[in-house]
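Trainee: Quick one: the structure is below, and I'll ask about it shortly.
The values are calculated or read from the model by the stated rules, or taken from the named source; none is laboratory data. None of these values were measured; they are calculated from a predicted model. All Cβ positions, glycine included, derive from the backbone under ideal geometry; neighbour counts span all protein chains shown.
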Amino acid sequence: MSGLRSWLRPGRSQRLRLFLYALTLASAAYLVVNLANVSRHYHEAGSLHMLWHREWRGGDVLTGLLGEGLFQFFVLVLGWSSFFRLRTGELAQLRLRRSEAKYRNIINHAGEAVFLLDEDGRVQEWNKMAEQLFRVPRRNALGHGIEQLDLGLQRPSDLRVEQVFGDVRRTGRSLTYEVLVGREGGPSATQRTINLTVSAIRADAGPLGDEAGAFVVIARDITSEKQLETRMGETEKLAGIGQLAAGIAHQLNTPLGSILLSAQMLEDSTCDEDQADDVRRIIRQTEQCRGIIKGLLNFARPTGSERSRMNLMEPIEETVFLMEKNLTVAGVEAVVQAEGEPWVYGNRNELSQVFFNLMANALDAMPNGGRIAITVTPVEPGELLITFADTGEGIPAEHQENVFLPFFTTKDYGKGTGLGLSIVARIVHEHGGRIELDSTPGKGTIFRLWLPRAREGAARTALLDDDA
């Protein structure tokens, strides 16, 4: 039934087909009538020879045929001429539609968002990548002004249609713009950077020549490229820091060496136990400073470090001891708990630097006092879980993905370099471990570190069996 309904639909092709049927029937009737007349004359003549002799003398048969069917003949000639002319136009329209379908198919399968705007800024074409990039369906975009659509632009006033079209016409070439796109409540809180290339369609633009005066816009998401550029810039910063650190390392290590030597001599000469504790704290802090300088050099220009089998509680307890006065002044309680003897295979100074940086960050997050809980627990298979939990202000959700990036900091200017947690992550990864962050703003932050346990008697990191 649907096929019959489509066949009866009065379209251009259907009308042309009916016209062909009518011409065919009329031509067939014309031939039948004239053949019947010829046959009648043949029977009257009695033979083909007599018919030819009679026609040669008087031309009665041909004259009768032309006289009786001349009007019908001209009507048929005119009809067939009109049919072929209409058929030629129909084929041209068909080729045009196929060409349009081909180019529309190419645009829809393009790897970048492509859309067509008329001179008033109304959307004439909107491909699939444009739907995905701007989250606007094609049916909602066609026929609407581009400025009326909710494309999620952060600053729509920076991209006015009249101004952009005017600039493209005035320069006579394609122009490229960068815009920020981001939606609140979307799957990702990060912004996206979109590159827009606007080109005017000229009258000699091939298949798009009929759209002269319109504009083609190609949109491309360059967020990953921007992030790569940022990381390259950070790498250059690190290279600069490495050169700077190499220049000042000697100048810093020299006075630190003098301080360390003087403190050791003072430790040997003092008899007061309280003063001796203060001197030992100075010695450890000085050694910690030297280790931080070395860690900064290793971060900028990583080098091999000596590792050995060690008890993880020793650098943790030393860090708490070194920061005892800071904890007291800040009103922060530090609690350390461990199950058994947590042995790892690592570098003592580097791991001390990890715990020092985590403790320092926890102190900064608790200006009104609080509690730091450090627990070391063996987990399977063959790992140690070190947990640093504080009751501080927490880290906002939008910053949690970036806290381990170099030079990223949420502290005020001059209070943080943004290197602490990035150094922590690097050291943990170099020790074959991993680190995760769990933070709730207003309730606190938990850092979880997993390090491989050292097998007793082994010279390198190994996983333990269940019954080890």
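Trainee: Quick one: which of Asn326, Asn349, Asn311 is surrounded by fewer than 21 Cβ atoms within 10 Å (Cβ to Cβ) and either of a type in the set (D, E, K, R) or farther than 18 Å from Thr286 by Cβ (or both)?
Mentor: Asn311
Trainee: Let me ask something additional. Cβ-Cβ distance below 9 Å, separation of 6 or more or different chains: which pairs start in segment 90-102 with a residue that is modelled with pLDDT of 75 or more and end on one that is small (Gly, Ala, Ser)?
Mentor: From segment 90-102, the pairs are Glu90/Ser13; Leu94/Ser13.
Trainee: Still on this model: Whether any residue in segment 325-343 is under 12 Å from Gln288 (Cα atoms) and out of contact with any His (no Cβ under 7 Å at 6 or more places or on another chain) is what I want to check.
Mentor: No: zero hits.
Trainee: Please go through segment 71-100 and pick out each residue that is among the hydroxyl-bearing types (Ser, Thr, Tyr) and either over 17 Å from Arg15 (Cβ atoms) or more than 57 Å from the chain's Cα centre (by Cα) (or both).
Mentor: Passing the criteria: Ser81, Ser82, Ser99.
Trainee: Here's something else I'd like to know. What are the residues in segment 416-436 that are modelled with pLDDT of 90 or more, among the aliphatic types (A, V, I, L, M) and either under 20 Å from Pro367 (Cβ atoms) or in a strand (DSSP E or B) (or both), if any?
Mentor: Correct list: Ile435 only.
To keep it simple, each residue is scored yes or no on (1) under 30 Å from Ser27 (Cβ atoms); (2) outside any helix (DSSP H, G or I); (3) in contact with a strand residue (DSSP E or B) (Cβ under 7 Å, 6 or more places away or on another chain).
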residue	(1), (2), (3)
Ser81	yes, no, no
Glu90	yes, no, no
Leu94	yes, no, no
Tyr103	no, no, no
Ile107	no, no, yes
Asn140	no, no, no
Glu147	no, no, no
Asp150	no, yes, no
Gln163	no, no, no
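Trainee: Next up: Answer yes if at least one residue in segment 211-223 is at pLDDT below 70, surrounded by fewer than 12 Cβ atoms within 10 Å (Cβ to Cβ) and not hydroxyl-bearing (Ser, Thr, Tyr), and no otherwise.
Mentor: Taking segment 211-223 first, the residues at pLDDT below 70 are 211-212.
Then drop every residue that is not surrounded by fewer than 12 Cβ atoms within 10 Å (Cβ to Cβ), which leaves none.
No, segment 211-223 has no match at all.
Trainee: Of the numbered conditions (1) surrounded by 16 or more Cβ atoms within 10 Å (Cβ to Cβ); (2) modelled with pLDDT under 70; (3) farther than 28 Å from Phe408 by Cβ; (4) outside the structural domain of Val179 (by TED's automatic domain parsing), Ala263 satisfies every one except a single condition; which is it?
Mentor: (2)
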